[in-house]
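Derivation of every value follows stated rules applied to the coordinates shown; laboratory data play no part. Remember, it's a predicted structure, so these values are computed and weren't measured experimentally. With ideal geometry, Cβ positions are generated from the backbone for all residues, glycine too; neighbour counts draw on all protein chains shown.
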Amino acid sequence: MKARVRLGKKELFAFLFYHMYFRPMGIVYGLIGLLALGGGIYYLVQGNKSGIFLLIICGVYFVIQPVMLLVRAVQQSKNPQFAVDTLYEFSEEGITVYQQEDDKASLPWENVSRFVKFSKYYFIYVDAAHGNILPKDAFSSDTAALDALVVKMLPKERRRGFGK
């Protein structure tokens with residue numbers, strides 16, 4: 001299976017969004033934001049003006065933070081590294097990545113710390129913070145074969161979003 005990827009702000013935003021909102025601390029912050037929203041509305045309905053402070057806390061997490069993620073994605077998309085296509089080839093031996101014709105790197109499955117299927121993307125991690133972003137529409141064929149390969153090659157604790 002092969003995929004040709006050129007990252008833009010949309011793909012970078014999806015990656016940053018996943019990191020902010022779908023990791024354990026992001027879920028905790030989301031719950032705090034929802035509690036702040038509920039508390040803010042409750043206090044304002046009761047006539048207590050301190051509810052405004054709670055609504056500001058909620059706004060920081062649910063409005064300002066996504067805007068900041070978008071700004072960061074736009075800034076990162078200007079990196080010259082993202083101006084060229086990257087080719088990914090998947091096999092039972094691992095993942096081969098080509099940035100230029102002669103610039104090739106191999107990633108054995110043992111070195112993949114996590115493989116995530118999220119919305120329209122795959123994220124391939126080699127450590128906790130660094131990952132490769134692959135839009136599903138970058139594949140020349142159906143992604144079902146890739147899903148089956150990932151399930152076969154990686155244990156359940158190193159893959160997310162694949163079920164089984």
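Based only on the alpha carbon positions, what is the Kirkwood hydrodynamic radius of the stretch 80-160, in angstrom?
Working: mean 1/r = 0.0756 Å⁻¹.
Value: 13.2 Å, from the Cα pair sum.
Provide the per-residue ³J(HN,Hα) series for the stretch 27-32, in order, calculated from phi with Karplus coefficients 6.51, -1.76, 1.60 and θ = phi - 60°, each as a whole number of Hz, with x at glycine and proline positions. These are the phi-based 3J(HN,Hα) values: 5, 4, 4, x, 5, 4 Hz.
Starting from the stretch 68-164, pick out the GluC sites (Glu not before Pro) whose DSSP state is loop and whose Cβ has at most 14 other Cβ atoms within 10 Å. Present the calculation step by step, with values, prior to reporting the outcome.
Working: sites: Glu89, Glu92, Glu93, Glu101, Glu110, Glu157; in loops: Glu92, Glu93, Glu101.
Within the stretch 68-164, the qualifying GluC sites (Glu not before Pro) (loop, at most 14 other Cβ atoms within 10 Å) are Glu92, Glu93, Glu101.
Cβ-to-Cβ counts within 10 Å put Thr86, Thr143 in ascending order as Thr143, Thr86, the fewest first.
Here the stretch 9-77 is treated as a Stokes sphere of Kirkwood radius computed over C-alpha pairs; at 25 °C and 0.890 mPa s its diffusion coefficient rounds to 191 µm²/s. With θ taken as phi - 60° and the Karplus curve 6.51 cos²θ - 1.76 cosθ + 1.60 applied, the whole-hertz 3J(HN,Hα) list for the stretch 135-143 is x, 4, 6, 7, 7, 6, 10, 4, 7 Hz, x standing for glycine and proline. Taking the fewest neighbouring Cβ atoms within 10 Å as the starting point, the ordered list for Ile27, Ile124 is Ile27, Ile124. The structure-derived value of semi-axes √(5λ) of the Cα gyration tensor in Å appears in the list (i) 38, 19, 12; (ii) 44, 15, 12; (iii) 24, 19, 13 under the label (i). For the stretch 44-49, 3J(HN,Hα) computed residue by residue from phi via the Karplus equation (6.51, -1.76, 1.60; θ = phi - 60°) reads 5, 5, 6, x, 8, 5 Hz, glycine and proline entered as x.
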